[in-house]
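A quick write-up on the structure given underneath.
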Amino acid sequence: MGLISNGTTLLDAGAIDSGIAQGPMQLITTLTASSSANLSFTSGISSTYKEYVFKYLNLHAATDEAELNVNFSIDGGSNYNVAKTSSFFRAEHTGGGTESTAFEYRTGDELSNGTGTQKILRTFSTENDHSGSGTLTLYDPSNTTFVKHFTARGNVIQHANDTASAAFVGGYANTTSAINAVQFTFSSGNIDAGIIKMYGVL
Amino acid sequence: MAILSNAVEMADAGSFSVSLGDQVLIKELNTSGGAVANMTFHHGASSVVLDDTYPFYKFVFSNMHPAGNAVFWLFQANAVDASGFNEQITSSTFRAVNPENSSNGQVDYIASIDQSNGTGFQNICSDGDIKTDGDSCISGELLLFDPSNTTYIKHFMARTNHMVNNSQSSDNHIAGYFNTTAALDEFQFKFNSGNIDSGTIKLYGIKGAAN
């Protein structure tokens, strides 16, 4: 028997009803890739939340050395071309008998008011058990006064020698228009598999 | 009709009255009433919880915009019953920065704003001062570990991003500890000069195993 308050089911079958938000971090949308050209969030981004968190889990590339990118839209997803200024650095460790490490800024992966995609993870491998995961936070995308800051951190197994590559990205979308769509793509080929979840934080 | 349990209202009008989930919004401070000199969260004041209720606390600041030019975003703490916001801090900071008008970014350790048992406010926006243009601001978060513990020092980690005065993006990473075994229950955020013209800070408690 359900527990209903004011016409809304709160509890049923021994659990909180799935329609009830639990805590300030609320799952809005889950997109699942299946040989997808992109994963695009074109609804659910509004002034309801001042912080949006995207968690990408086990993204698997269809094409070797593909890189994971993100871009933003101010017209609901018709165009993903918002100007961005950003920085990118990485920490990497190569195992598999060829031990080496790297910690470096990547000028080729930054943007200076560029409208193209922003790289957030480098060179994926297509091996069956390889993938990339991470988190991107976008602050107050609906604000129409300020630029929109974002930060990202993730890890991927690179194509070469099972390298663990951690990427750190920070920047701002240099627009005072509201961002209302976010798109994730690979630099080449499809997103073979994986999911991206978008949360709003109250 | 409200649903009560042990005199606590659990639900009413089609929604839960108690917090659900592992991250609980405790308090929001903003500038809806106008510019302010600082934003201060003190346990027991204005419904703020900053004690052993939660093992982790997170501050999220959105679009903090300074009234003055070329300023830095700072924070400090007070131990219980203390004042002055002058706890000892040892910290490290690095940042990645890249300008809008050219492509020559870099990542560096910033020795000028770390502290070695310093008692000043901790800079959490790196060495690049915040641009005061109408669309410029700083956003980010600060995670605080077990501030009410009276055995250990108190760790913190912050990550912010802001527009530097010469139109650069600065991705700032700051971590450190308050070098005290006293419980901390008051935290203050401010710019080093001038008011907070606009912005929002939210304080969350994050439940641990004991919760």
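The values are calculated or read from the model by the stated rules, or taken from the named source; none is laboratory data. Since the structure is predicted, the reported quantities are computational estimates derived from the model, not experimental observations. We place every Cβ from the backbone using ideal geometry, glycine too, and count neighbours over all the protein chains shown.
Here are a few things to note about the model shown:
- Among the residues making up segment A:151-202, those that are of a type in the set (Val, Ile, Thr) and within 14 Å of another protein chain (Cβ to nearest Cβ) are A:Thr151, A:Val169, A:Thr175, A:Thr176, A:Ile179, A:Val201.
- Candidate set: segment B:43-70, residues that are away from chain A (no Cβ under 14 Å) and on the phi > 0 side of the Ramachandran plot; chosen: the one modelled with the lowest pLDDT: B:Ala70
- Lone unmet requirement of (1) within 22 Å of B:His42 (Cβ to Cβ); (2) crowded, with 18+ Cβ neighbours inside 10 Å; (3) over 16 Å from the mean Cα position of the chain (by Cα) for B:Lys190: (3)
- Residue check for B:Gly33: more than 10 Å from chain A (Cβ to nearest Cβ) and touching an Asp or Glu at 6+ places or on another chain (Cβ under 9 Å): no
To keep it simple, each residue is scored yes or no on (1) assigned to a loop (DSSP other than H, G, I, E, B); (2) of a type in the set (Val, Ile, Thr); (3) out of contact with any Leu (no Cβ under 7 Å at 6 or more places or on another chain).
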site: A:Thr151; (1), (2), (3): no, yes, yes
site: A:Asn161; (1), (2), (3): yes, no, yes
site: A:Thr176; (1), (2), (3): yes, yes, yes
site: A:Phe184; (1), (2), (3): no, no, no
site: A:Gly189; (1), (2), (3): yes, no, yes
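- Number of positions in segment A:127-149 that are farther than 24 Å from A:Met25 by Cβ and either part of a strand (DSSP E or B) or at pLDDT below 95 (or both): 4
- Entry remark, segment A:115-150: residues being within 14 Å of chain B (Cβ to nearest Cβ) and surrounded by 17 or more Cβ atoms within 10 Å (Cβ to Cβ) number 16 in total.
- Condition check for B:Glu87: surrounded by 15 or more Cβ atoms within 10 Å (Cβ to Cβ), closer than 26 Å to A:Phe103 by Cβ, of a type in the set (D, E, K, R) and in contact (Cβ under 8 Å) with a residue 60 or more places away in the chain: no
- Looking across segment A:156-175, the residues that are over 17 Å from A:Glu110 (Cα atoms) and out of contact with any Gly (no Cβ under 8 Å at 6 or more places or on another chain) come down to A:Gln158, A:His159, A:Ala160, A:Thr175.
- Filtering segment A:22-64 to residues that are at positive phi and either part of a strand (DSSP E or B) or at pLDDT 95 or above (or both) leaves A:Ser35, A:Gly44, A:Asn58.
- Test: residue in segment B:118-138 that is closer than 24 Å to B:Asp22 by Cβ and assigned to a strand (DSSP E or B): no
- Residue in segment B:56-84 that is surrounded by the fewest Cβ atoms within 10 Å (Cβ to Cβ), counting only those that are of a type in the set (Gly, Ala, Ser) and assigned to a strand (DSSP E or B): B:Ala79
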